[in-house]
Amino acid sequence: MTINVINPATKAVYKSIPETTEAELNSIVETAKEAFEIWRSKSDEERTQAMLNIADEIEACAAELAQIVVSEQGKPLAIAQIEVGGAAGWTRYNASLSLETEVIEDSAERYVEIQRLPVGVVASITPWNWPLMIAVWHIMPALKAGCSVVVKPASTTPINTIKLAEIINKHTIPNLVQVVVGGGRAIGEPLVQHPDVKKLVFTGSTPVGKHLAKIAAGDLKKVTLELGGNDAGIVLQNADIKKIAEKIYMTSFINMGQTCACLKRLYVHRSKYDELAKALADIAAAQVVGNGMDAGVTFGPVQNEKQFNSVKAMIDEAKASGAEVIEPTLPEGLNGYFIAPTLVKNPQHQISVVCEEQFGPVLPIIPFDDVKEVMSHAIHKEFALGGSVWGEPCEELDWVVSQLDSGTVWVNNHAEVLPHIPFGGNKDSGLGVEFGQEGLLEYTVRKVVNRAK
């Protein structure tokens, strides 16, 4: 069977690729296990140099990779170029990390140290929103730790991951990173169930993450999950709207709102509500919506039909509930999954655009009078990936920081992730952590050596 990869800006078939069979999957995991035994024996210096060579090759192929990302994911070329640059940068950062032995005790009685060993074959399952970047987030710390990887990209965006694996294997060893293509039940679940897979790293929705974690628990695989979020931002009474409006827009609508850690619910003090809503509406109206490969386009389509329908249904529900929906007019002639950057003013708290993760280009803006009262709405019952507070330094700002329970709390920013800063969610938003030294350790097992003297 083949999978048709659709260009979301045109709804035309971009590429057709064969689906991986279960027999092929078993062979791939076997060769990944063999590659692991070779790769783990390489010195840290050898792995470092190979990863630096990979980063160089990503940069050399930047134009091709960016074009692939636009064609299968839909984002504007400028954002795809940022994604490719980030992939190279994240690779270089992971190359710089090391797994040094940690001495716990060196006394007259004993010498105790902690060693870190690679976990083995890693199963990586990646989503369609940042397909190249998130594959790099999963793969590079695994390689640095000494693991091999079998990656299953989203069926809607597999082409860039196939190209990435070719680049990696060219500079390392054959079959170190392999790609399987297919649906979650057909390929994803058998991959996670495979007894020779020792770790799962998954980025995607909370329901799917929980399901895969149950499968992985069957033989006690290590698990890292980066799941859904419904991030709240709180704009205080002392906020300077001229200073923060552009950043709030960008962190809400980056990648057409299709980012786990986007700002997805905006609570604004009533004294600043109209000013900020107008500023955001003006920025949204100025966007150039269209095919990401066309010159001047700043806002692309939603990636797939299912997500397009989901976001449109949320917007329609908001209209029916009486909320004011500010929806810029789309240019004529577009044939893809386009939704203009949309604002929903004064929505009811119980409608889906507020209480559920939209994962698309729509932002509810909710006024409040008392920050202590609004915290009961801002703190989500299920999700706790990110949160933010916007305003000038004051006790109230510090109080909001202390109350937000998300994995990351930003102040006068949102959605910023960096390779050296640990990132992960609380509650139903995730398990484990990515990035930095803590993220690297997720791909290892601990070995304590206790020597009596």
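The values are calculated or read from the model by the stated rules, or taken from the named source; none is laboratory data. The model shown is predicted, which means the values in this text are computed figures rather than measured ones. Note that each Cβ is placed from the backbone with ideal geometry, even for glycine, and that neighbours are counted across all protein chains shown. Ligands, DNA and RNA are stripped out before the accessible areas are found, and what is left, the full protein with its side chains, is counted by its heavy atoms. Shrake-Rupley method; radii C 1.70, N 1.55, O 1.52, S 1.80 Å.
Of the residues contained in the range 135-142, none is found to be open to solvent by 10 Å² or more (accessible area, probe 1.4 Å) and farther than 19 Å from Phe435 by Cβ. Within the range 293-337, the set of residues being open to solvent by less than 20 Å² (accessible area, probe 1.4 Å) and within 18 Å of Ser252 (Cβ to Cβ) comprises Phe299, Gly300, Pro301, Val302, Gln303, Val311, Met314, Ile315, Ala318, Ala323. Among the residues of the range 339-349, those identified as part of a loop (DSSP other than H, G, I, E, B) and without any contact (Cβ under 8 Å) to a residue 60 or more places away in the chain are Ala340, Asn346, Pro347, Gln348, His349. Pairing each residue of the range 287-316 that is within 16 Å of Val362 (Cβ to Cβ) with any residue that is open to solvent by 70 Å² or more (accessible area, probe 1.4 Å), provided the two are 6+ apart or on different chains, yields C-beta distances under 8 Å for Met314/Glu356. Against the list (1) open to solvent by 40 Å² or more (accessible area, probe 1.4 Å); (2) of a type outside the set (D, E, K, R); (3) under 30 Å from Glu113 (Cβ atoms); (4) under 18 Å from the mean Cα position of the chain (by Cα), the condition Thr101 fails is (4).
Taking the range 379-399 as the range and being buried (at least 21 other Cβ atoms within 10 Å of the Cβ) and within 25 Å of the chain's Cα centre (by Cα) as the test, the residues that pass are His380, Phe383, Ala384, Leu385, Gly386, Gly387, Ser388, Val389, Trp390.
Restricting Pro364, Pro328 to residues that are modelled with pLDDT of 95 or more and in a loop (DSSP other than H, G, I, E, B) narrows the list to Pro328.
Given the criteria outside any loop (DSSP other than H, G, I, E, B) and acidic (Asp, Glu), does Glu373 qualify?
Details: outside any loop (DSSP other than H, G, I, E, B): yes; acidic (Asp, Glu): yes.
Here the answer is yes, as Glu373 does meet what is asked.
Inspect the range 157-174 for any residue being over 30 Å from Ala66 (Cα atoms), open to solvent by 20 Å² or more (accessible area, probe 1.4 Å), over 23 Å from the mean Cα position of the chain (by Cα) and of a type outside the set (D, E, K, R) and give the result as yes or no. So far as the range 157-174 goes, no, none of its residues is over 30 Å from Ala66 (Cα atoms), open to solvent by 20 Å² or more (accessible area, probe 1.4 Å), over 23 Å from the mean Cα position of the chain (by Cα) and of a type outside the set (D, E, K, R). Name the single residue, out of those in the range 253-274 being farther than 18 Å from Val288 by Cβ and of a type in the set (Gly, Ala, Ser), that is most open to solvent (accessible area, probe 1.4 Å). Per the stated criteria, the residue is Ser271. Each residue in the range 422-453 was checked for being surrounded by 14 or more Cβ atoms within 10 Å (Cβ to Cβ) and among the β-branched types (Val, Ile, Thr), and 3 pass. Six or more apart or on different chains, Cβ atoms under 9 Å: show the pairs whose first residue is in the range 352-381 and on the phi > 0 side of the Ramachandran plot and whose second is of a type in the set (S, T, N, Q) and at pLDDT below 95. Going by the 9 Å Cβ cut-off, there are no qualifying pairs.
Just name the residue that is nearest to Ala87 (Cα to Cα) out of those in the range 400-421 that are part of a strand (DSSP E or B) and open to solvent by 30 Å² or more (accessible area, probe 1.4 Å).
We begin by selecting, within the range 400-421, every residue part of a strand (DSSP E or B); these are 408-411.
With open to solvent by 30 Å² or more (accessible area, probe 1.4 Å) added as a condition, the list becomes 409, 411.
Working: Val409: 24, Val411: 26 Å.
The extreme case among them is Val409.
In the range 186-223, which residues are open to solvent by less than 60 Å² (accessible area, probe 1.4 Å), touching a residue at least 24 places away in the same chain (Cβ under 8 Å) and assigned to a loop (DSSP other than H, G, I, E, B)? Within the range 186-223, His194, Asp196, Gly204, Lys221 meet the criteria. Restricting attention to the range 20-37, which residues are crowded, with 18+ Cβ neighbours inside 10 Å, over 26 Å from the mean Cα position of the chain (by Cα) and aliphatic (A, V, I, L, M)? The answer is Ala35, and nothing else.
If we keep just the residues of the range 341-377 that are among the polar types (S, T, N, Q) and open to solvent by 20 Å² or more (accessible area, probe 1.4 Å), which is farthest from Ala286 (Cα to Cα)? For the range 341-377, the residue satisfying everything is Ser376.
Entry remark, the range 9-19: residues being farther than 26 Å from Val177 by Cβ and either among the charged types (D, E, K, R) or surrounded by 15 or more Cβ atoms within 10 Å (Cβ to Cβ) (or both) number 3 in total.
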